[in-house]
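In what follows, a single structure is set out as structure tokens and then discussed.
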Amino acid sequence: MRLGILTGGGDCAGINAVIRAAVRRATDYGFEVVGIRRGWAGLLEPDTLPLSYDSVAGILSLGGTVLLTSRTNPFKREGGPELVMKNVQSLGLDALIAIGGEDTLGVAHKLRNYGLKAVGVPKTIDNNLSETDFTFGFDTAVNVAMNAIDEIRTTGTSHERVMIVEVMGRDAGWVAAYAGIAGGAHVILVPEQAVDIDKVCEVVLARGREGKNFTLIVVAEGAEVKSPEGQTLSLRRVDEFGHPELGGIAHLLAEEVEKRTHRETRLIVLGHTLRGATPTAFDRVLSTRLGIAAVDMVKQGKFDVTVALRGTQIVTADLESAIKPKELDLNLLKIGQIFT
Ligand code: F6P
């Protein structure tokens, strides 16, 4: 068995732990393992490296991905899927483990019609993939945000300011909701609910009336905030999967809040710090379990599936359902509202 492994889409903490576990399990089974660099790009123009028991030593705690990543979509290239399969054959790959989010796993699923035998490992800090209770990388991202919030709270309290913390989350507010609750935010804003700027300002003013001049707002980058003219903050570049490049909503929000409440307002955009951190223990254990389970699926000849966490157990599910978005549990926001 010659097994390929690739990582695609945005990186997150724990990818290297998956690679390490998968390579070690595969080696135990006597498989030969080939790392494919830069996601699907490494199968459009073959770019590989051998992976061995020893070559993955020391990467468990490392953020990022030693295989590099890209947001390349073979289905956006003329003859892309056919070229990928031609290269899969010329590289002698019998199966592939794809570590990625909805886009990377979506490509793996579509390529089954071209003969690809793939097992998916769900990865994203956004935690918005169906079939798995948590994606690895999410816990690390939340912890990074929580630690930043703790630090921001002291300076915000001292200066009696409104502090706005922007976290990643294009379409999903999971990171904002968890980080907001863990950090004791007074307002949590997510893409799943239109932002009512009047309500946000009312929280700030109501706290002020109670003599509490510090307000902490956590906002997901994808939250929809409108300008005074009613225009949504303009979207910038779009990637090959059609996703906008976001980041910076906190600036517009801060301007509006300060203008309407006359409270001094500061902001921080945590952005990629959420993705690049050292994985937490939770993510290391989850990644390790998923990496092992993915190779076990290959060994059993089960393809077009994903491995996933359900409760405390690692399970498998169809790739097709795993790439569907997992809705944010809006009850989390209700918890947040108790602490305004
Ligand atoms: O991978 C998902 C994500 O972390 C989103 O939350 C965010 O909008 C996006 O990646 C940013 O991606 P990039 O690094 O390509 O700008």
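FYI, it's all coordinate maths here, none of it is from the lab. For clarity, every value in this text was computed on a predicted model and none was experimentally measured. Cβ placement follows ideal geometry from the backbone for every residue including glycine, while neighbour counts extend to all protein chains displayed.
With respect to the chain, whose longest principal axis is taken over its alpha-carbon atoms, helix 249-261 is tilted by about 10°. In the chain, the convex hull through the Cα atoms has an average projected area of 17.1 nm², a quarter of its surface area. Among the GluC sites (Glu not before Pro) in region 92-161, those placed in a DSSP loop whose Cβ has at most 16 other Cβ atoms within 10 Å are 160. Close amide H partners of residue 264, meaning residues 5 or more places away or on another chain with modelled amide H under 5 Å apart, are 162.
Based on Cα contacts under 8 Å between residues 6+ apart, region 1-104 shows a relative contact order of 43 percent.
Given Cα pairs under 8 Å that are at least 6 residues apart, what percent is the relative contact order of region 138-275?
Values: 266 pairs, mean separation 45.5, N = 138.
Dividing the mean separation by the residue count of region 138-275 yields 33 percent.
With the Cα gyration tensor of region 138-275 giving a ≥ b ≥ c as the square roots of its eigenvalues, does the rule (a/c under 1.5 for rounded; else a/b larger than b/c for prolate; else oblate) give rounded, prolate or oblate? Display every interim value, and only then the final one.
Working: a/c = 2.05, a/b = 1.26, b/c = 1.62.
Judged from the Cα gyration tensor, region 138-275 comes out oblate (a/c at least 1.5, b/c at or above a/b).
Would you mind telling me the antiparallel percentage of the DSSP bridges in the chain, rounded to 5? Can you show the working numbers first?
Values: 13 of 45 bridges.
So the antiparallel bridges in the chain amount to around 30 percent.
Each label was represented as a point 7 Å from its Cα along the Cα-to-Cβ direction; for residue 327 and residue 76 these points are 3.0 nm apart.
Among 105, 129, 91, the residue with the largest mean-square fluctuation in a Gaussian network model of the chain, with springs joining Cα atoms closer than 10 Å, is 91. With respect to the chain, whose longest principal axis is taken over its alpha-carbon atoms, helix 80-90 is tilted by about 40°. Helix content alone sets the calculated 222 nm mean residue ellipticity of the chain: runs of n ≥ 4 DSSP H residues at -39500 (n - 2.57) each, divided across all residues, give -12000 deg cm²/dmol. Placing dummy labels 7 Å off each Cα toward the beta-carbon, the span from residue 278 to residue 32 is 3.7 nm.
Which peptide among 113-120, 196-203, 254-261, 10-17 comes first, and what is the full order, when sorted by highest mean count of other Cβ atoms within 10 Å?
Values: 113-120: 20.0, 196-203: 15.2, 254-261: 17.9, 10-17: 27.5.
In descending order of packing, they fall as 10-17, 113-120, 254-261, 196-203.
If you plug the beta carbon distance of residue 312 and residue 262 into 1/(1 + (r/R0)^6) with R0 = 45 Å, you get a FRET efficiency near 0.35. To the nearest 10 degrees, how steeply does helix 197-209 sit against the main Cα axis of the chain, on a 0 to 90 scale? For helix 197-209, the angle is close to 50 degrees. With contacts taken as Cα pairs under 8 Å and at least 6 residues apart, the chain reaches a relative contact order of 24 percent.
Extension gain residue 340-residue 133, at 0.36 nm per residue separation less the Cα-Cα distance, in nm? Write out the running numbers ahead of the final one.
Numbers: separation 207, 0.36 × 207 = 74.52 nm, distance 2.76 nm.
Computed gain between residue 340 and residue 133 is 71.8 nm.
If you take the beta carbon distance between residue 299 and residue 90 as r and set R0 to 22 Å, what does 1/(1 + (r/R0)^6) give as a FRET efficiency, to the nearest 0.05? E(calc), rounded to 0.05, equals 0.35. Which distance in nm do the two modelled labels at residue 52 and residue 226 give, with both placed 7 Å along the Cα-to-Cβ direction? For residue 52 paired with residue 226, the spin-label model returns 6.2 nm.
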